Amino acid sequence: MDGVKARQLALDLPEAVEKSHFGKADFRVRNRIFMSLPEADRAVVNLDRDQQEMMTAAEPLVFKPVPGGWGRKGWTSITLDACDEQTFRSALRAAWRNVAPPTLRKVFDATPS
């Protein structure tokens, strides 16, 4: 996985738009951030604590909680070059679902992956 592909996959999600947060690319659905690309080789996704714990336990070389308070809220760093596309898509879709409104999630869930 790389930053170019991560950007493309994020923008493929329903109503996803790219903006900027503190000078770094972020990706939002209805103005709520679900992913950022703070560095070329790293993405950060907005997971809930259970999702974060599951992913960091399953793939500790790929997923790490962001240091500090944001990490305790579920924000999780992904080392892109250690992550395959299927694993990245799974984390990305979870992050998107965590911030998308219920009506949009319903439409998204009805479409094939």
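Bear in mind that the values in this text are calculations on the coordinates, not laboratory data. Since the model is a prediction, treat every value here as computed from it, not as a measurement. FYI the Cβ positions are ideal-geometry reconstructions off the backbone, even for glycines, and counts take in every protein chain you see.
Pairing each residue of the range 3-16 that is within 13 Å of residue 45 (Cβ to Cβ) with any residue that is among the charged types (D, E, K, R) and in a helix (DSSP H, G or I), provided the two are 6+ apart or on different chains, yields C-beta distances under 7 Å for 9/89. Of all residues in the range 44-81, those satisfying the criterion of being farther than 15 Å from residue 10 by Cβ and part of a loop (DSSP other than H, G, I, E, B) are 48, 59, 60, 61, 62, 66, 67, 68, 73, 74. Among the residues in the range 52-64, are any among the hydroxyl-bearing types (Ser, Thr, Tyr), surrounded by 11 or more Cβ atoms within 10 Å (Cβ to Cβ) and closer than 16 Å to residue 35 by Cα? Looking for residues that are among the hydroxyl-bearing types (Ser, Thr, Tyr), surrounded by 11 or more Cβ atoms within 10 Å (Cβ to Cβ) and closer than 16 Å to residue 35 by Cα, one finds none in the range 52-64, hence no. Checking each residue in the range 58-72 for being out of contact with any Phe, Trp or Tyr (no Cβ under 9 Å at 6 or more places or on another chain) and closer than 15 Å to residue 94 by Cβ picks out 58, 59, 63. Scan the range 17-43 for residues that are without any contact (Cβ under 8 Å) to a residue 24 or more places away in the chain, among the aromatic types (Phe, Trp, Tyr) and not in a loop (DSSP other than H, G, I, E, B) and report the count. So the answer is 1.
Tell me, please, whether a residue that is in contact with a Lys or Arg (Cβ under 7 Å, 6 or more places away or on another chain), more than 15 Å from residue 37 (Cα to Cα) and either small (Gly, Ala, Ser) or buried (at least 17 other Cβ atoms within 10 Å of the Cβ) (or both) can be found in the range 80-96. No, the range 80-96 contains no residue that is in contact with a Lys or Arg (Cβ under 7 Å, 6 or more places away or on another chain), more than 15 Å from residue 37 (Cα to Cα) and either small (Gly, Ala, Ser) or buried (at least 17 other Cβ atoms within 10 Å of the Cβ) (or both).
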